[in-house]
Amino acid sequence: MRVTIVFLLKTFKARQDGNCPIYVRVTYKKRRMELSTGFFVDKESWNSVKQQVEGKSNDVKSINNRLSKIYSRTLDACYRLEAINEDYSLDDLKSELTGVSDIHTLFELFDYYIKTISDQLGTGFSAGTLKHYKTSKNRLKEFVKKKYKKEDVNILDVNYSFIADFDTYLKKQYGNNLNTVWGYHKHLKKILNIAISLDYVLKNPYLKFKVKKQETKREYLTLDELKTIRTKEIDIKRLSIVRDIFLFACYTGLSYVDMAKLNPDHIQKGVDGGDWIVIDRTKTTTECRIPLLDVPREILERYKDYPVCENKGLLLPILTNQRMNSYLKGLADICHIKKNLTMHVARHSFATSVTLNNGIPIETVSKMLGHTSIKTTQIYAKIVDAKVSKDMKKLNAIL
């Protein structure tokens with residue numbers, strides 16, 4: 001078989017960081033074909049005689065191992081083609097290599113992870129997470145099509161330049177704010193980490209690319225506002241139900257999706273002999289253990305024999321999230337509350353006004369909220385500190 005396979009460094013194709021791409025060159029019957037291996041290295045570390053990278057780091061060893069595999073696979077492909085047809089072309093070889101080489105694409109990995117999320121809905125992931133990853137995939141597909149005129153890209157081509165260009169695209173094309181852009185990057189970074197776990201890539205380019213996130217204002221209700229809602233006379237049945245569900249979230253810290261699945265099995269006796277809510281958060285699968293306060297206990301008692309709850313085996317007559325938020329606007333109006341009431345506001349109110357402002361330790365609040373890290377809970381602690389500072393300044397102005 002008259003074929004030669006060599007690796008070479010294309011110094012004239014160096015990236016901005018100075019690293020150059022490694023290509024595999026196949027020569028057959030005086031014709032030549034070159035394909036990118038997807039690896040970039042510093043030209044000083046490339047040994048053109050040995051056709052490998054010099055050095056002792058794990059990255060160097062990994063690249064050289066992958067080059068060795070590419071060589072073997074290329075040679076195997078040549079043998080297979082020759083067995084079928086002695087006069088095979090380099091186009092035949094290219095097609096064969098495309099089928100057998102370690103080429104993995106960005107959207108192949110997105111589809112892989114989206115399927116993982118879909119398969120674990122309700123146990124490890126929420127419908128919201130699935131929706132967000134699908135949205136991120138679609139936004140990336142738009143970007144790839146516009147920037148590269150392709151339907152997909154090799155995962156090895158998702159480098160620093162790629163994510164920097166994607167960042168610019170999101171801000172210029174869509175005018176996305178920092179936190180929206182951060183969300184897209186969060187999903188892409190996750191996909192790249194999966195690629196690393198599968199040994200498709202060596203490093204995550206996000207190690208060098210930093211994405212900024214703006215701290216958002218978390219709206220919450222004061223205890224006086226909660227009392228106003230709790231004591232308001234409401235004659236409209238549906239609005240009264242919405243008020244109860246909202247207050248239940250305010251006094252338990254449960255998210256909408258977790259309240260929607262709340263059933264009698266989730267009410268258990270705690271160490272104090274009282275009723276506790278024990279439930280795994282849908283978003284993080286972290287267990288929440290929440291002692292029932294009087295307000296939520298009364299609400300549960302109110303719907304104990306409610307037909308809708310009995311038929312579905314649930315504790316609360318939950319409406320869809322969209323309808324809940326729509327009715328909450330009406331609730332805010334009749335209670336003369338100027339804040340935008342949402343189910344997120346209810347959870348924030350539990351974290352701030354109901355617990356932290358009343359001296360409940362942050363570790364306890366974190367446990368009840370089901371946070372995987374206390375850093376998340378500290379956001380609420382900052383809100384409380386900010387209010388303390390503001391109140392003390394008012395006091396200082398009076399004294």
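The values are calculated or read from the model by the stated rules, or taken from the named source; none is laboratory data. In this text the structure is predicted, and so the values were computed from the model without any measurement. Counting neighbours? That spans all protein chains shown, and the Cβs are built from the backbone with ideal geometry, glycine included.
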### Task
Pull up the range 209-235, narrow it to residues that are assigned to a loop (DSSP other than H, G, I, E, B), closer than 22 Å to ALA381 by Cβ and of a type outside the set (D, E, K, R), then point me to the one that is farthest from the chain's Cα centre (by Cα).
THR222
### Query
Hey, any hits in the range 373-383 for a residue that's touching a Ser or Thr at 6+ places or on another chain (Cβ under 8 Å) and either modelled with pLDDT of 85 or more or among the hydrophobic types (A, V, I, L, M, F, W, C) (or both)?
yes
### Task
State whether one or more residues within the range 303-319 are within 20 Å of ILE236 (Cα to Cα), among the β-branched types (Val, Ile, Thr), surrounded by fewer than 19 Cβ atoms within 10 Å (Cβ to Cβ) and out of contact with any Pro (no Cβ under 6 Å at 6 or more places or on another chain).
no
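Being basic (Lys, Arg) and modelled with pLDDT under 85 is the filter here, so list the residues in the range 74-123 that pass it. Lay out the reasoning, then the answer.
Initial filter on the range 74-123 (basic (Lys, Arg)): 80, 94, 115.
ARG80, LYS94 - these are the residues of the range 74-123 that are basic (Lys, Arg) and modelled with pLDDT under 85.
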### Task
Would you check if there is a residue in the range 212-226 being surrounded by fewer than 17 Cβ atoms within 10 Å (Cβ to Cβ), modelled with pLDDT under 90 and β-branched (Val, Ile, Thr)?
yes
### Query
Would you call ASP167 in contact with a strand residue (DSSP E or B) (Cβ under 6 Å, 6 or more places away or on another chain) and not basic (Lys, Arg)?
no
### Query
Got a sec? Which of SER349, SER353 is under 23 Å from ILE267 (Cα atoms), at pLDDT 80 or above and either in a helix (DSSP H, G or I) or assigned by TED's automatic domain parsing to the domain that holds VAL278 (or both)?
SER349
### Task
Working only within the range 4-43, note down all residues that are closer than 17 Å to THR74 by Cβ, under 38 Å from the mean Cα position of the chain (by Cα) and exposed (fewer than 15 other Cβ atoms within 10 Å of the Cβ).
GLU34
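Has the range 204-216 got any residue that is closer than 30 Å to PRO296 by Cα and not assigned by TED's automatic domain parsing to the domain that holds LYS261? Explain how you work it out, then say what you get.
First, pick out the residues of the range 204-216 that are closer than 30 Å to PRO296 by Cα: 216.
Now drop any that are not not assigned by TED's automatic domain parsing to the domain that holds LYS261, which leaves 216.
Yes, the range 204-216 has at least one match.
One line per residue, one yes/no per condition, for (1) modelled with pLDDT under 95; (2) outside any loop (DSSP other than H, G, I, E, B); (3) not assigned by TED's automatic domain parsing to the domain that holds CYS250:
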site: PHE166; (1), (2), (3): no, yes, yes
site: GLY175; (1), (2), (3): yes, no, yes
site: ASN179; (1), (2), (3): yes, yes, yes
site: LEU188; (1), (2), (3): no, yes, yes
site: ALA195; (1), (2), (3): yes, yes, yes
